[in-house]
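Report on the following structure.
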Amino acid sequence: MSDQTPASPPAGATATTPPADEHRRIEAAAAEEGETRSGFVRFMSSPFGRNLGLILALLVLCAVGAFTAGDRFVDTDNMVTILRFASIIGVVSIGMTFVIIGGGIDLSVGAIVALSSVWATTLATQTMAEDTHWLLMVFVACAVGVGCGLVNGILIAYGGMAPFIATLAMFAAARGLAEIISEKRTQLVDVRGLVDTINGEFLGIPVLVWIFAAVSTIGWVLLNRTTFGRRTIAVGGNATAARLAGIAVKRHTVLLYVVLGLACGIAGIMLTARTGTGSGTHGQLYELDAIAAVVIGGTLLTGGRGTIVGTIIGVLIFTTLTNVFTLNNLDSSTQAVAKGAIIVIAVLLQQRVSVRSADSS
Amino acid sequence: MSDPLLQMSGIVKAFPGVRALDGVDLEVRAGEVHCLLGQNGAGKSTLIKVLSGAHQPDEGEIRWQGEEIRLTTPLSAMKHGIATIYQELDLVDGLTVAENIYLGHELSSAGFAHRGETQKQAAALLARLGHSEISPRRELGTLSAAGKQVVSMARALSHDVKLIIMDEPSAVLDQEEVARLFKVIRDLQSEGVAVVYISHRLEEIRQVGDRVTVLKDGRTVATGLPARDTPTRELTRLMTGRDIEYVFPPRVSRDGDGTVVLSVENLASGRAFSGVDFEVRAGEIVGLAGLVGSGRSEILETIYGARRATAGTVTVDGKQLRNGRVRAAVGAGVGLCPEERKSQGLLLDEAVYRNVSLATMGRFSRGGFINRGSEKRAASEHVKSLDVRPTGVERAVRTLSGGNQQKVVLARWLLRECRVLLLDEPTRGVDVGARSEIYALVRRLADEGVAVVLVSSEVPEVLGLADRVLVLREGVVVHTGPADDIDEHRVLDLVMEGSAA
Ligand SMILES: Nc1ncnc2c1ncn2[C@@H]1O[C@H](COP(=O)(O)OP(=O)(O)OP(=O)(O)O)[C@@H](O)[C@H]1O
Ligand SMILES: [Mg+2]
């Protein structure tokens, strides 16, 4: 039938014969796309390209550092210092990335860090650790983090509380509990094994940095290569669709806060080892720094989209900024103003880049 | 002849990878209903967006009442008197009906909204549309899809319009509401307002249309065809480039041989529906017909556990499902292809293959790690069999046309290989060619032993595809029987008046 000559269109109408090959236009376009993909498009859609704006911002910051502080900034030791400072807040931020992609938020991370550092350094824990192994303290810190995350998650997923409120309550309660346990005193770490190992070096690089690298890698794999990551994106992107597709949305939400709690526990023991103390005042303002790093990294606060690489760069931008300011002997108030400006600039940059790539994807 | 109201010529709009419009011409006269026809992805919605100022064309000319104009923003289109009702509704759920209608051009002085006046005028507009039952004070989110459509129309009319563009308005409406919509269109027409009307249903185009323009692959292939007299074969050939037999696959006669897979007993859920009893055997397709709001979708949701039953039981393969638990239904092999693709089905920013595999991720993973190779391969297979275009599975679902998005949702449930498949409006917005492919696919699934429950606003679709039909009215089943024993008129009678008719 289709090889029949087209019937002449009715009077008063104009018609042109449809092109013989109906797929040609799309195929041609696809081929065109394939060509450009090998070049610019592929670059832009690589993790490096997608975070181009951020990387530029980081480079500009480094240039400023090199210009103002000279050799004191451009120095291997200084670079290692920056990474060392980035590592603890970095671990928290990786966990925060998951919660935010999953459509939530957690204001209690700093408090959880403090509580786990205190709990891991009580007299009882330390005595037991002396008798067994310092890893016991690590275990305690992680368990405290997981426990707090579990409470957050259950309140939010099954209690139906808004994440903001539930974690605000945890923010107050966990820090309070940390102060009660420590009787508002700073607890010194006597278990040398913990400090020597975690605050030590491996292959010339601080163990703290190794831990950050390991957590980042695991986080990246978890988000990009596993069903857990895929579900996180689905739950944050469209919870109804996820539920109707058979995903256990509530259980998954709980898991997200548990993952973040675990990250806080790890950060707590890292901080304990670095400072040699456990204290109810540890980790202050971590929640703001972590959320800022995640958002700068291009993760949508509304959920459903975000990257681990972006978060890492976000953390590095913040720590480099602090470093440059410290080297130039500027006070912390000026730093705070600069941080605020950086958040705004980075997010604006990020939006421009992502709008353009959404247009062109 | 005087200048046409609107003349678009040589419009080109390219997105990276796709020339969505590749030289489109369109001419609309004052007071006519001009229909746009074309397959999914032909460029209809893109053309509309150019006309409404949402997209800027790369090339081409737009003349409005004889003068060349540039529509740089939606506002400038509105100022010229061009209003648009988009395919995907764009209203704010948290505002009231009246606030939505006047959103962007609030009746106010010195920044203070005139609430009383706004509500009065909104009520007048709703009455003009034959929907005075919708209160202007109601929160928009509480309305059904059809209700929102009406609000969208009222919003278009709140401007001084000369041309209203409607992108698949009937997709969310049932037949009675479509009839009401047509009455409104005729009223507008008699006031000299022109309408550009997009639909995949040829019957509708014959009923309201004056002239037809056909798009194919971003080009105008025919324009000015008389809507009533152009043969269907001619239209589908222009759209698809081939002859399409618009038929339903033949039913295999089976005399109650399959075992009962799904059995629903005395099911009820709040005020939505009650006392629903039916069984579906392996290989059988059961259709639910009824108006929007008659409880059709709610029954599917309740079977699936997405809504709590207040009475009754659902049994799959002899095992009773736990009430209100989606996971239990999924575990028993039940799949639901939901009604609203955007809010209930899709992750718009995610790649096509990730959307397709959302309900079956487990099958492509080992110890939680996803094997993306086999995932993509399986997704592409289904995407191809449903003729989703463009075929690449890596592009974001957002960049697909409406009908192709619908096919992605459907592909998800085909991939799942369910025991029971619940389909809610599976062909909404899907073009003629792909439709018959979907029908054939559903029948094939049934032949492989799947029990299918089908809900559709299009009565011919239910009658043509299903083996057995349940007719619903206000949440009660008013008729059950083989699809062969009932015709469209009878169904419509039942639906409107119940068994008394
Ligand atoms: N933002 C976008 N980015 C990239 N491609 C796009 C975008 N919007 C539309 N397209 C592509 O342009 C083409 C035309 O799409 P359009 O939405 O106009 O189709 P349509 O005729 O309205 O189809 P349907 O009947 O399914 O609604 C499709 O191939 C679609 O994938
Ligand atoms: Mg469309």
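The values are calculated or read from the model by the stated rules, or taken from the named source; none is laboratory data. Just so you know, these numbers come straight off a predicted model, no measurement behind them. Please note: Cβ atoms are built from the backbone with ideal geometry, for glycine as well, and neighbour counts cover all protein chains shown. The accessibility values were calculated without ligands, DNA or RNA, using every heavy atom of the protein model including side chains. Shrake-Rupley method; radii C 1.70, N 1.55, O 1.52, S 1.80 Å.
Hey, how many Å between the Cα centroid of the stretch B:124-194 and the Cα centroid of the stretch A:177-200?
68 Å
Please give the helix B:175-190 orientation as an angle from the longest Cα principal axis of chain B, in degrees from 0 to 90, rounded to the nearest 10.
Roughly 10 degrees between the two axes.
Just flag the trypsin sites (Lys or Arg not before Pro) in the stretch B:1-76 sitting in loop per DSSP whose Cβ has no more than 14 other Cβ atoms within 10 Å.
The qualifying sites are B:ARG70.
Can you give the % of DSSP beta bridges in the stretch B:4-240 that are antiparallel, to the nearest 5?
In the stretch B:4-240, approximately 60 percent of DSSP beta bridges are antiparallel ones.
Tell me which lysines have Cα within less than 25 Å of B:LYS407's Cα, excluding those fewer than 8 residues away on the same chain?
Filter leaves B:LYS13, B:LYS44, B:LYS49, B:LYS148, B:LYS216, B:LYS342, B:LYS376, B:LYS384.
How do A:ILE198, A:ILE312 stack up against each other in accessible area, from largest to smallest, with a 1.4 angstrom probe?
So, going from the largest accessible area down, we get A:ILE312, A:ILE198.
Which whole-number percent is the relative contact order of chain B (Cα, under 8 Å, 6+ apart)?
Here the relative contact order equals 15 percent.
Only bridges with both residues in the protein assembly as shown count here: give the DSSP antiparallel percent, nearest 5.
Once the DSSP bridges in the protein assembly as shown are tallied, antiparallel ones form about 60 percent.
Hey, what angle do you get for helix B:372-385 against the long axis of chain B, alpha-carbon based, 0 to 90 degrees rounded to 10?
70 degrees
Can you work out the accessible area per residue across the stretch B:104-204, with the rest of the protein chains kept in place, probe 1.4 Å, in square angstrom?
Accessible area per residue, the stretch B:104-204: 43 Å².
Kirkwood hydrodynamic radius (Cα pairs, Å) of the stretch B:307-464?
16.4 Å
Taking chain B, how much of its Cα-Cα pair set, in percent, is spaced more than 40 angstrom apart?
Looking at chain B, the distances longer than 40 Å represent 24 percent of pairs.
Using a 1.4 Å probe on the heavy atoms of the protein chains only, list every residue of the stretch A:241-270 that has 30 Å² or more less accessible area in the complete assembly than in its chain alone.
Hits at the 30 Å² cut-off: A:ALA241, A:ARG243, A:LEU244, A:ALA245, A:GLY246.
Nearest 5 is fine: what % of DSSP beta bridges in chain B come out antiparallel, could you say?
Around 55 percent antiparallel, to the nearest 5.
Strictly greater than 16 Å: what percent of every Cα pair in the stretch B:347-417 meets that?
38 percent
Taking 0.36 nm per residue of sequence separation and subtracting the Cα-Cα distance, how much length would be gained by fully extending the chain between A:ARG185 and A:ASP71, in nm to one decimal?
Here the answer is 37.1 nm.
Ratio to report: Rg/Rh of the stretch A:88-308, with Cα atoms as the point set and Rh obtained by the Kirkwood method; give two decimals.
0.99
Once B and A are treated as a pair rather than alone, how much accessible area drops out, both sides summed, in Å² to 100, probe 1.4 Å?
Approximately 4200 Å², summed over both chains.
Given labels modelled 7 Å from the Cα in the Cβ direction, how far is it in nm from B:GLU488 to B:ALA396?
4.0 nm
Report, in degrees rounded to the nearest 10, the 0 to 90 angle that the Cα long axis of helix B:488-497 makes with the longest principal axis of chain B.
Compared with the principal axis, the helix lies near 90 degrees.
Considering only DSSP states other than H, G, I, E and B, which GluC sites (Glu not before Pro) in the stretch B:126-223 qualify as loop sites with at most 16 other Cβ atoms within 10 Å?
Sparse-neighbourhood loop GluC sites (Glu not before Pro): B:GLU133, B:GLU191.
Residues of B:320-330, mean number of Cβ from any other protein chain within 10 Å of their own Cβ, rounded to a whole number?
Mean shielding by partner chains, rounded to a whole number: 2.
Would you calculate a helix-derived [θ] at 222 nm for chain B, using -39,500 (n - 2.57) for each DSSP H run of n ≥ 4 and dividing by the full residue count, to the nearest 500?
Result for chain B: -9500 deg cm²/dmol, rounded to the nearest 500.
Under Stokes-Einstein, with the Kirkwood radius over Cα pairs standing in for Rh, what whole-number D in µm²/s applies to the protein assembly as shown at 25 °C and 0.890 mPa s?
Diffusion coefficient, whole number: 81 µm²/s.
If DNA, RNA and ligands are ignored and the probe is 1.4 Å, what is the ranking of A:PHE228, B:PHE15, A:PHE85 by accessible area, most exposed first?
Listed by decreasing accessible area, they come as A:PHE85, B:PHE15, A:PHE228.
Using the Cα atoms as the points, what is the convex hull volume per residue of the stretch A:146-244 in Å³?
148 Å³
Explain nothing, just the number: relative contact order of the stretch B:4-240, from Cα pairs under 8 Å at least 6 residues apart, as a whole percent.
29 percent
Could you report the stretch B:438-501's accessible area per residue, 1.4 Å probe, as an integer in Å²?
In whole numbers, the stretch B:438-501 has 39 Å² accessible per residue.
Take the solvent-accessible surface of the protein heavy atoms, probe 1.4 Å, and return the percent of it on chain B that carbon and sulfur atoms account for.
Of the solvent-accessible surface of chain B, carbon and sulfur hold 48 percent.
Just to confirm the filter: which GluC sites (Glu not before Pro) across the stretch A:177-260 are DSSP coil and have at most 11 other Cβ within 10 angstrom of their Cβ?
Passing both the DSSP loop test and the Cβ count: A:GLU183.
Quick one: which bits of the stretch B:335-354 get at least 20 Å² less accessible when the partner protein chains are in, versus the chain alone, with a 1.4 Å probe?
B:SER343, B:GLN344, B:LEU347, B:ASP349, B:GLU350, B:ARG354
How high is the relative contact order of the stretch B:100-228? Use alpha-carbon pairs under 8 Å, at least six apart in sequence, and give a whole percent.
18 percent
How much accessible area per residue does the stretch B:347-417 have, counting only protein heavy atoms and a probe of 1.4 Å, in square angstrom?
I get 37 Å² per residue for the stretch B:347-417.
Report, ordered by chain and residue number, the lysines lying within cross-link reach of A:LYS184, taken as a straight Cα distance under 21 Å and ignoring same-chain residues fewer than 8 apart.
Within the straight-line limit of under 21 Å, A:LYS184 reaches no lysines at all.
Please give the FRET efficiency for B:ALA440 paired with B:GLU133, using the beta carbon to beta carbon distance and R0 = 60 Å, rounded to the nearest 0.05.
0.90
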